[in-house]
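Everything on this sheet refers to the single structure shown next.
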Amino acid sequence: MTVKVINLKKVFGEQVAVNSINFEIGQGEIVGFLGPNGAGKSTTMKMLTGFLPPTSGESWVAGYNVEQNPLEVKRNIGYLPEHNPLYLDVYVKEYLLFCAGIFKLNKKEERVKDIIEKVGLTAEYKKKIGQLSKGYRQRVGLAQALLHDPKVLVLDEPTSGLDPNQIVEIRNVIKEFGKDKTVILSTHIMQEVLALCDKVIIINKGVIVANDKVQNLQDSGKTKTIIIVQLNKEIELKLLQEVPGVLRAKRIGTNKYEVECRTDLREQLFFAIAPTGAAIINMQLEQQSLEDIFKALTNPNLIK
Amino acid sequence: MKSVFLKEIRGFFSSLIAYIVIIVFLIITGLLTWVFKNNTFELGYSNLDILFFWAPAVFIFLISAITMRSFSDEKKAGTLEILITKPLTDFQIVFGKYFAGLVLVALVLLPTLIYFYTIYQLGDPVGNIDTGATWGSYIGLLWLGSIYVSIGLFSSSLTDNSIVAFMLSFFFCLVMYIAFDLIGEVSWFSGIDYYVQWIGINAHYQSIRRGVLDTRDLIYFISTTLMFLWFTKAKLESRK
C-alpha cells in the first residue's frame, strides 16, 4: 500500500474536521476524494503531506510514517495545495529550478526543461508566474509537484476555477502521469471522478461514507431503472403498467412516458407497445448517476 | 538551506529591495557623517563615531523592512504550505532566510568602507585612525544586524500582515537595542543596573566597539540570535 491511513483525526478547537478515518490506496491507483465543501478533504491532504499534524491517528506514505519520517515522506510526495499558491514575482524557470534545488536533483536544468515540456509550458516559461493566466499557473503548480518524480501525487482541487478546455488539458496531464503513480485528487466535480479515477472515496463531515471502485459505486446505486419512452401518439398508461416488472409508469409530456422498473425492460416495453400501432420514436435508459449517489450519501438527512 | 537562501537573495535583488536599502543607508549615514551639522570635519576627530552612533537606529528601520515579508507574505500567499511540504526542515527554512538577511546587512555595510578609507587618508598623519576599534565597530554592527534579522524573522512569523510584522519588529528591535539601558537607569534597579543593561544589545555593542572581542559579548550575540530564530521555528511548527 503506498498510502495508508489509520484512525486519522483532526480537531480544530471545538470542530472535528476529520473524524477517525481509515483508508488504503494501492500502487498506481488514481483515487478521487469527493465531498462537499468543508467535508475535510483538504485537511486530510494537509495531514498526509505533513503540513498539519493530526490530533490522533497515523498515516503512511510510500512506506514512511508521516510523523516519524516527515522528510522521507515529503521527498516521495508531490503536492499541489488548494488555490495553487505560487511566488508571483518569480520567473517560471527560476521557480522550478528553486524546487529542483530543494530536492537536490541531478541535472537540474535538464529536468526542469523536461517538465516544462511535459506540462505544456514551453511557450510561457520565460515569463513571471504573475503574468500567466490561471490555466498556465495551474500547470506551474503541477510542474512543481511532478518535478522530482514523486511516487505519490496529492492534488487538492487541481481543476477548480479553470475553463472547460483547460480542465481537459490538466486532466490529460494528470492521466498521463497517473499511469504509474499513485494519485489522490480532491474535487467536487463528479465527471472528473468518472473521467480520471479508478477509485472514489466520498467524505462528508469528516467521515468516509463510501470507499469503492467507481464502477461498483455506480452499480450499487442501480436499485431502480428508469426508462423514458417517446411515442408518436397517445397510449393508455395501463398498458405500460401491466408489463411484468414495471413498478410505476407516468406521463411526463406529450406522448412521453416515464417507466420505473427494477431491471432494463426496454425489450418487453417494445413488444407491449407494438400491438397498439404507436411508433416508438425514442427509448432511453436513465442510469442513476454518480451525482445522485453523491447527493444521497452526503445528504444530512440520510446520515446519523 | 542553500536553495531557500538563494531564493531569498534573488528576491531581494529582483524586487529592488536590496538596492533601495543600500542606497537609503548610504544617503542617511553619508549626510550625517559628512554634510549635516556636527559632521566629521567639524568635529575634527579621525574616527567614524557618527556612522557607528547612527547605524544601529537606521538598521532598526531598514532591517525591519527587509525581513517583514519573509514569513508574513508566504503565509498570506499560501506558499508557506509549499515550502513546508518540501523536504526541508523548519530550521533549514528559518536559517536560509536568516543568512539571506545577514548577507544583505553585510552588503549594506560594505560601501561604508569607503568612509573608512577616506578618514584613513585624511588623518594627520595619514593612517591616524584607531583601526582596531573601527573593525570592532563593524563586527559589532554585523552582530547587531544579526539580532535584528532574527527579531524581524520572528515578528514576520507571528502574522500574515507585513505591516504588522514591520511594526512588531521595529518595536522588538528598539526594546532589545536601547530599552534595557533606559530601564537600568530607573532608580529601582540601582543595585542591579549593570545586569539589566547587560540584557540589551547596546551594552555589548559599546563593549565590542572598543576593539576588544570579548567572548561574553560574542556568546551574547550568538545566543540572542539563536533564541529568536528558535522562537521563529517554534512559531512555524505550531501551525494549529
### Query
Do the conditions hold for A:Lys179, that is, is it within 30 Å of A:Pro81 (Cα to Cα), touching a residue at least 60 places away in the same chain (Cβ under 8 Å) and exposed (fewer than 15 other Cβ atoms within 10 Å of the Cβ)?
yes
### Query
What is the number of the single condition among (1) touching an Asp or Glu at 6+ places or on another chain (Cβ under 8 Å); (2) outside any helix (DSSP H, G or I) that A:Tyr257 does not meet?
(1)
### Query
So, of the residues in segment B:207-224 that are surrounded by 14 or more Cβ atoms within 10 Å (Cβ to Cβ) and among the small types (Gly, Ala, Ser), which turns out to be nearest to B:Thr134 (Cα to Cα)?
B:Gly211
### Summary
Result of the Cβ filter at 6 Å on segment B:1-30, keeping first residues that are within 18 Å of B:Glu74 (Cβ to Cβ) and partners that are of a type in the set (Ser, Thr, Tyr), at least 6 apart or interchain, is none
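Inspect segment A:227-249 for any residue being assigned to a helix (DSSP H, G or I), touching a residue at least 40 places away in the same chain (Cβ under 8 Å) and not basic (Lys, Arg) and give the result as yes or no. Even if it seems obvious, please write down each step before you answer.
Within segment A:227-249, the first condition is being assigned to a helix (DSSP H, G or I), and the residues that meet it are A:237-241.
Then drop every residue that is not touching a residue at least 40 places away in the same chain (Cβ under 8 Å), which leaves none.
Within segment A:227-249, not a single residue is assigned to a helix (DSSP H, G or I), touching a residue at least 40 places away in the same chain (Cβ under 8 Å) and not basic (Lys, Arg).
Within segment A:105-127, take every residue that is part of a loop (DSSP other than H, G, I, E, B) and not aliphatic (A, V, I, L, M) and give me the one that is nearest to A:Gln138 (Cα to Cα).
Keep residues of segment A:105-127 that are part of a loop (DSSP other than H, G, I, E, B), which gives A:105-107, A:119-127.
Still in the running and not aliphatic (A, V, I, L, M): A:106-107, A:120, A:122, A:124-127.
Values: A:Asn106: 25, A:Lys107: 24, A:Gly120: 11, A:Thr122: 14, A:Glu124: 13, A:Tyr125: 13, A:Lys126: 16, A:Lys127: 14 Å.
Step by step, filter segment A:105-127, then rank; the result is A:Gly120.
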### Matching entry among A:Lys113, A:Lys108, A:Lys104, A:Lys134 (being surrounded by fewer than 20 Cβ atoms within 10 Å (Cβ to Cβ) and either in contact with a Lys or Arg (Cβ under 6 Å, 6 or more places away or on another chain) or in contact (Cβ under 8 Å) with a residue 12 or more places away in the chain (or both))
A:Lys134
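Taking B:Glu74, is it surrounded by 19 or more Cβ atoms within 10 Å (Cβ to Cβ), touching a residue at least 24 places away in the same chain (Cβ under 8 Å), within 14 Å of chain A (Cβ to nearest Cβ) and touching a Phe, Trp or Tyr at 6+ places or on another chain (Cβ under 9 Å)? So that I can check it myself, show each step before the final result.
Details: surrounded by 19 or more Cβ atoms within 10 Å (Cβ to Cβ): yes; touching a residue at least 24 places away in the same chain (Cβ under 8 Å): no; within 14 Å of chain A (Cβ to nearest Cβ): yes; touching a Phe, Trp or Tyr at 6+ places or on another chain (Cβ under 9 Å): yes.
Considered against the rule, which asks whether it is surrounded by 19 or more Cβ atoms within 10 Å (Cβ to Cβ), touching a residue at least 24 places away in the same chain (Cβ under 8 Å), within 14 Å of chain A (Cβ to nearest Cβ) and touching a Phe, Trp or Tyr at 6+ places or on another chain (Cβ under 9 Å), B:Glu74 comes out as no.
Does segment B:68-102 hold any residues that are of a type in the set (Val, Ile, Thr) and over 16 Å from B:Trp230 (Cβ atoms), and which are they?
Step one: list which residues in segment B:68-102 are of a type in the set (Val, Ile, Thr), which gives B:79, B:82, B:84-85, B:89, B:93-94.
Selection gives B:Thr79, B:Ile82, B:Ile84, B:Thr85.
Evaluate the following for B:Ile114: is it of a type in the set (Val, Ile, Thr), free of Cβ contacts under 8 Å to residues at least 24 places away in the same chain and outside any loop (DSSP other than H, G, I, E, B)?
Values: of a type in the set (Val, Ile, Thr): yes; free of Cβ contacts under 8 Å to residues at least 24 places away in the same chain: yes; outside any loop (DSSP other than H, G, I, E, B): yes.
Judged against the criteria, B:Ile114 is a match.
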### Summary
Residue count, segment A:159-176, condition of a type in the set (S, T, N, Q) and in a helix (DSSP H, G or I), comes to 3
### Task
Could you tell me which residue of segment B:5-37 is surrounded by the fewest Cβ atoms within 10 Å (Cβ to Cβ), considering only residues that are more than 14 Å from chain A (Cβ to nearest Cβ) and among the hydroxyl-bearing types (Ser, Thr, Tyr)?
B:Tyr19
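Does segment A:128-147 contain any residue that is aliphatic (A, V, I, L, M) and modelled with pLDDT under 90?
As a first pass, look at segment A:128-147 and keep what is aliphatic (A, V, I, L, M): A:129, A:132, A:140, A:142-143, A:145-147.
From the residues that got through so far, the ones that are modelled with pLDDT under 90 too are none.
No, the conditions are met nowhere in segment A:128-147.
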### Considering residues of segment A:77-93 that are surrounded by 21 or more Cβ atoms within 10 Å (Cβ to Cβ) and not in a loop (DSSP other than H, G, I, E, B) only, the residue nearest to the other protein chains (Cβ to nearest Cβ)
A:Tyr79
### Subset of segment A:57-75 (residues that are crowded, with 18+ Cβ neighbours inside 10 Å and assigned to a loop (DSSP other than H, G, I, E, B))
A:Ala62, A:Val66
### Query
In segment B:225-240, what residues are surrounded by fewer than 18 Cβ atoms within 10 Å (Cβ to Cβ), in a helix (DSSP H, G or I) and within 14 Å of chain A (Cβ to nearest Cβ)?
B:Ala234, B:Glu237
### Query
Has segment A:201-215 got any residue that is surrounded by fewer than 20 Cβ atoms within 10 Å (Cβ to Cβ) and more than 22 Å from A:Thr44 (Cα to Cα)?
yes
### Task
Considering only residues that are among the aromatic types (Phe, Trp, Tyr) and closer than 17 Å to B:Asp217 by Cα, look in segment B:140-173 and name the one that is surrounded by the most Cβ atoms within 10 Å (Cβ to Cβ).
B:Tyr148
## Note on the structure
Filtering segment B:84-124 down to residues that are among the small types (Gly, Ala, Ser) and closer than 19 Å to B:Ile23 by Cα yields B:Ala100, B:Gly101, B:Ala106
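Just the residues that are over 17 Å from A:Lys118 (Cα atoms) and either surrounded by 21 or more Cβ atoms within 10 Å (Cβ to Cβ) or free of Cβ contacts under 8 Å to residues at least 40 places away in the same chain (or both), please, taken from segment A:140-154.
Step one: filter segment A:140-154 for residues over 17 Å from A:Lys118 (Cα atoms), giving A:151-152, A:154.
Listed by number, the residues that qualify are A:Val152, A:Val154.
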### Task
Pick out the one residue from B:Thr67, B:Thr79, B:Thr40 that is crowded, with 16+ Cβ neighbours inside 10 Å and more than 28 Å from B:His204 (Cβ to Cβ).
B:Thr79
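Test B:Ile199 against the criterion of being out of contact with any Asp or Glu (no Cβ under 8 Å at 6 or more places or on another chain), closer than 15 Å to B:Thr225 by Cα and surrounded by 15 or more Cβ atoms within 10 Å (Cβ to Cβ), and give yes or no. Break it down stepwise before answering.
Numbers: out of contact with any Asp or Glu (no Cβ under 8 Å at 6 or more places or on another chain): yes; closer than 15 Å to B:Thr225 by Cα: yes; surrounded by 15 or more Cβ atoms within 10 Å (Cβ to Cβ): yes.
Against the criterion (out of contact with any Asp or Glu (no Cβ under 8 Å at 6 or more places or on another chain), closer than 15 Å to B:Thr225 by Cα and surrounded by 15 or more Cβ atoms within 10 Å (Cβ to Cβ)), B:Ile199 qualifies.
From the residues in segment B:95-137 that are among the β-branched types (Val, Ile, Thr) and more than 16 Å from the chain's Cα centre (by Cα), which one is farthest from the other protein chains (Cβ to nearest Cβ)?
Here is the first cut: in segment B:95-137, the residues among the β-branched types (Val, Ile, Thr) are B:103, B:105, B:108, B:112, B:114, B:118-119, B:126, B:129, B:131, B:134.
From what's left, more than 16 Å from the chain's Cα centre (by Cα): B:114, B:118-119, B:126, B:129, B:131, B:134.
Working: B:Ile114: 32, B:Thr118: 38, B:Ile119: 40, B:Val126: 47, B:Ile129: 43, B:Thr131: 40, B:Thr134: 38 Å.
Result: B:Val126.
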### Message
What's the total number of residues in segment A:12-34 that are surrounded by 15 or more Cβ atoms within 10 Å (Cβ to Cβ) and either over 19 Å from the mean Cα position of the chain (by Cα) or not assigned by TED's automatic domain parsing to the domain that holds A:Gly63 (or both)?
### Response
4
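The values are calculated or read from the model by the stated rules, or taken from the named source; none is laboratory data. If you're wondering where the values come from, they're calculated on a predicted model, not measured in any experiment. Every residue, glycine among them, receives a Cβ derived from its backbone with ideal geometry; neighbour counts consider all protein chains shown.
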